[in-house]
Amino acid sequence: MEYTIKQAAEKMNLTPYTLRYYDKEGLLPFVERDSAGNRLFSDNDIEWLGLICCLKNTGMPIKQIRCFIQDALEGDHTIENRVEMLIEHRNSVLKQIEDLNRNLEKINNKINYYSSHLEKYRKELKPNI
């Protein structure tokens, strides 16, 4: 099946502008165009978009995503490099998760602290019967 840029954007919860930007940045070299120059996205292109979004949303720079895509287009002799890139990125994501969990713990501690003080404050405001 083929999708217009609008359909592909809707399917991926992106804007057509974002897809044009990705194309301009070299992230969509595999997307075909019709005789009028309009982009036509295949199901495989949608899968690639999913990976691009995953990598971008987890902090991989566009430059590195472009390198990953170029390696993939070059063929199987780049598999080792792609695996190394993904392992390195996974390690970065795991570090982000650790940092987020540490910050979440701090936030939860503050919520507990202020909640207990709020409860004491409310009790003090209630007149004793």
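Amide H of LEU40 versus every other amide H placed in the peptide plane: which residues, excluding those fewer than 5 positions away on the same chain, fall under 5 Å?
GLU32, ARG33, ASP34
Return the calculated 222 nm mean residue ellipticity for the chain, to the nearest 500 deg cm²/dmol, obtained by summing -39500 (n - 2.57) across DSSP H runs with n ≥ 4 and dividing by the residue count. Intermediate values should be presented prior to the final figure.
Values: 5 runs with 92 residues, N = 129.
Helices in the chain give a 222 nm mean residue ellipticity of -24000 deg cm²/dmol.
Just add up the charged neighbours of GLU32: K/R +1, D/E -1, any other residue whose Cβ is under 13 Å from the Cβ of GLU32.
Charge balance in the 13 Å sphere: -3.
Grab the alpha carbons of the chain, take their convex hull, and tell me the volume per residue in Å³. Please list the in-between numbers first.
On the way: hull volume 21.2 nm³, N = 129.
Here the figure is 165 Å³ per residue.
How about LYS63: which lysines have a C-alpha closer than 24 Å to its C-alpha, ignoring those fewer than 8 places off in the same chain?
Hits, sequence-local ones excluded: LYS24, LYS95.
Please list TYR17, TYR113 from largest to smallest accessible area, probe radius 1.4 Å, with all protein chains kept in place. Write down the numbers at each step before the final one.
Numbers: TYR17 160, TYR113 110 Å².
Solvent-accessible surface, decreasing: TYR17, TYR113.
So which GluC sites (Glu not before Pro) in region 42-94 are both in a DSSP loop and have at most 11 other Cβ atoms within 10 Å of their Cβ?
Numbers: sites: GLU47, GLU74, GLU80, GLU84, GLU88; in loops: none.
The qualifying sites: there are none.
Sorting THR78, THR58, THR4 by accessible area (1.4 Å probe), largest first, what list results? Intermediate values should be presented prior to the final figure.
Details: THR78 10, THR58 40, THR4 65 Å².
Highest to lowest solvent-accessible surface, that is THR4, THR58, THR78.
Could you go through region 88-97 in sequence order and give the Karplus-derived ³J(HN,Hα) for each residue, using 6.51 cos²θ - 1.76 cosθ + 1.60 with θ = phi - 60°, rounded to whole Hz, and x for Gly and Pro?
With coefficients 6.51, -1.76 and 1.60, one gets 4, 5, 4, 4, 5, 5, 4, 5, 4, 5 Hz.
Pick out, from LEU49, HIS77, VAL93, the residue whose Cα sits farthest towards the positive end of the charge dipole of the chain, with +1 on the Cβ of Lys and Arg and -1 on the Cβ of Asp and Glu.
VAL93
Report in % the part of the accessible area of the chain that belongs to carbon and sulfur, leaving out ligands and nucleic acids; probe 1.4 Å. Write down the numbers at each step before the final one.
Values: 5080 of 9560 Å².
Roughly 53 percent of what the probe reaches on the chain is carbon or sulfur.
Could you tell me the accessible area of TYR114 in Å² (1.4 Å probe, neighbours in place), rounded to the nearest ten?
130 Å²
Give me a comma-separated list of calculated 3J(HN,Hα) values for region 51-59, in order, Karplus coefficients 6.51, -1.76, 1.60 applied at θ = phi - 60°, integers in Hz, x for any Gly or Pro.
5, 4, 5, 4, 5, 5, 5, 9, x
Keeping all protein chains in the complex and leaving out DNA, RNA and ligands, what accessible area do you get for SER116 with a 1.4 Å probe, in Å² to the nearest 10?
Ignoring ligands and nucleic acids, SER116 comes out at about 50 Å².
The values are calculated or read from the model by the stated rules, or taken from the named source; none is laboratory data. In this text the structure is predicted, and so the values were computed from the model without any measurement. When we count neighbours, we look across all protein chains shown, and the Cβ atoms used for this are built from the backbone with ideal geometry, even at glycine. Ligands, DNA and RNA are stripped out before the accessible areas are found, and what is left, the full protein with its side chains, is counted by its heavy atoms. Shrake-Rupley method; radii C 1.70, N 1.55, O 1.52, S 1.80 Å.
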